[in-house]
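The values are calculated or read from the model by the stated rules, or taken from the named source; none is laboratory data. From a predicted model like this one, the values you see are computed outputs, not experimental measurements. Here the Cβ positions follow ideal geometry from the backbone for every residue, glycine too, while neighbour counts run over all protein chains shown. Side chains are part of the model used for accessible areas, which takes the heavy atoms of the whole protein and leaves out ligands, DNA and RNA. Shrake-Rupley method; radii C 1.70, N 1.55, O 1.52, S 1.80 Å.
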Number of protein chains: 2
Amino acid sequence: MTINRRLAATTAHLLPEHKPPGSTGRVLEAALKMFAEHGYAAASMRDLASAAGVKPATIYAHYPSKEHILAELCRIGHEEQYRAVRTAVLGSGADPRDQIVAYVRAHVGFHTTYPMLAVVANSELHVLGETLGAATFVIRRQSEDLLTDIIQRGLDAGIFDVPVPWLAVAAIGGMGLRVAYWFAPDYHVTAAQVADVYAGFALRILAASDKPAGRSASKSRK
Amino acid sequence: MTINRRLAATTAHLLPEHKPPGSTGRVLEAALKMFAEHGYAAASMRDLASAAGVKPATIYAHYPSKEHILAELCRIGHEEQYRAVRTAVLGSGADPRDQIVAYVRAHVGFHTTYPMLAVVANSELHVLGETLGAATFVIRRQSEDLLTDIIQRGLDAGIFDVPVPWLAVAAIGGMGLRVAYWFAPDYHVTAAQVADVYAGFALRILAASDKPAGRSASKSRK
DNA sequence: AGTATATCCTAACGAACGTTAGTTAGTGAC
DNA sequence: GTCACTAACTAACGTTCGTTAGGATATACT
């Protein structure tokens, strides 16, 4: 146990719906842990095998290559993140402020609940070739577009005020992403606290107005 | 040239004061580029050598090991970042708001000017053993403490208002760090724009008050 | 019982890895 | 001319890598 860890989380888990049954799932979860803790290139197939409790050759009965395992993890990670934020936003009201709160809460929630998945899906994605990474890129783009659209609707309604909208997307996305690296369940802040506080930060970044949800022209207030 | 890059920047450069003369410097700069683009583990000594225009064995005339090269880059990166923010804060006034603006401008400026250095220093640091990484950890801690102290002073003065101060540190630091991954000089926003807008975001996150620099409602200065 | 299938194994392949030993070419001093 | 020094080289070391071939074991069906 070094002082110097890549991320604070120590346990790897997949959603039951994303974890294949039997040894396939154990291999995938072992790969998640190893890739997250040491990085894709530094984790060998022999490492994955011993973490999964099988011999190296056995992995090839479940996945055709090391890169395919990473592709699967990246796909699951981005898919689950998009599903989380999309569900949250759809379940919130029509007010862009509520949608931002829902988005950021779900975004941060994902990064606190599945930190290893987030770290692997985001920081090892560059390894994937264009064919294996294609599915993931589409989803990643959708997540970003969703946030962009919410912000744009808020700007159009005069509820938000930011000089360069795309920078707000980058800032809100960036601060959420980093949570996966330092958050641990036994920390001095709970996941719910982080989600709430970060949702508040996002509203502040967007200079969300206090006025009621009514329709407003392009005039902002101060 | 893949769609799928680890960071947007394409050129590696070191500050003249940090770049050793001759081949040593060329090796260090080649390592910076390779480690940033492909990661420490995925970049081989043969890759570094050919990027630096030398043969693999020659590198060992300049550095004792691959890990020592990374340690040097991490040290330079954190040292330069700390120097930048510290100088900026010391050159600003006593008002915590001015100090935050100075800090974030310098922080973002570092990440736009030396994106590869930032990426390597932050995302490959976990590779370093305790001995080789020790020097870097100290500096990293100092940078974080500086931001924490500014925010705490603003809170004490009643100028800032955040529910959990440490989360503001994490959020402001996180959004700045991510800039290194997407920023490129030929982007549709300039480095100065990003720095200014992000400084504004930081003030908003802290709910900085508009009132003049005098003393505040609830607390007094020392 | 015999066969098919699924699952995991042992053993090893060729390639690439970080690193080292020993050598060669170029330079300036005497 | 030769000595000492520097900086680069060629070649190879032992290890580990991702991956594959082929055999063993257990369960399921006929």
Does region A:27-44 contain at least one residue that is within 19 Å of A:HIS78 (Cα to Cα), free of Cβ contacts under 8 Å to residues at least 12 places away in the same chain and assigned to a helix (DSSP H, G or I)? no
Which ones in region B:15-44 are within 12 Å of DNA strand D (Cβ to nearest atom) and either of a type outside the set (A, V, I, L, M, F, W, C) or within 14 Å of chain A (Cβ to nearest Cβ) (or both)? B:PRO20, B:PRO21, B:GLY22, B:SER23, B:THR24, B:GLY25, B:ARG26, B:ALA41, B:ALA42, B:SER44
Residues of region A:57-107 satisfying the condition of being open to solvent by 20 Å² or more (accessible area, probe 1.4 Å), of a type in the set (A, V, I, L, M) and more than 22 Å from A:ASP145 (Cα to Cα): A:ALA57, A:ALA61
Among the residues of region A:18-26, are any touching a residue at least 24 places away in the same chain (Cβ under 8 Å) and away from DNA strand C (no atom under 16 Å from the Cβ)? yes
Filter region B:45-88 down to residues that are within 11 Å of DNA strand D (Cβ to nearest atom) and among the polar types (S, T, N, Q) and give me whichever is farthest from the other protein chains (Cβ to nearest Cβ). B:THR58
Would you check if there is a residue in region A:35-48 being open to solvent by 10 Å² or more (accessible area, probe 1.4 Å) and away from DNA strand C (no atom under 16 Å from the Cβ)? yes
Based on what the data block shows, is B:HIS107 of a type outside the set (A, V, I, L, M, F, W, C) and within 24 Å of B:PHE183 (Cβ to Cβ)? yes
Looking only at residues that are polar (S, T, N, Q) and more than 21 Å from A:GLN142 (Cβ to Cβ) in region A:49-94, which one is nearest to DNA strand C (Cβ to nearest atom)? A:THR58
Inspect region B:124-144 for any residue being open to solvent by 30 Å² or more (accessible area, probe 1.4 Å), acidic (Asp, Glu) and under 20 Å from B:VAL179 (Cβ atoms) and give the result as yes or no. yes
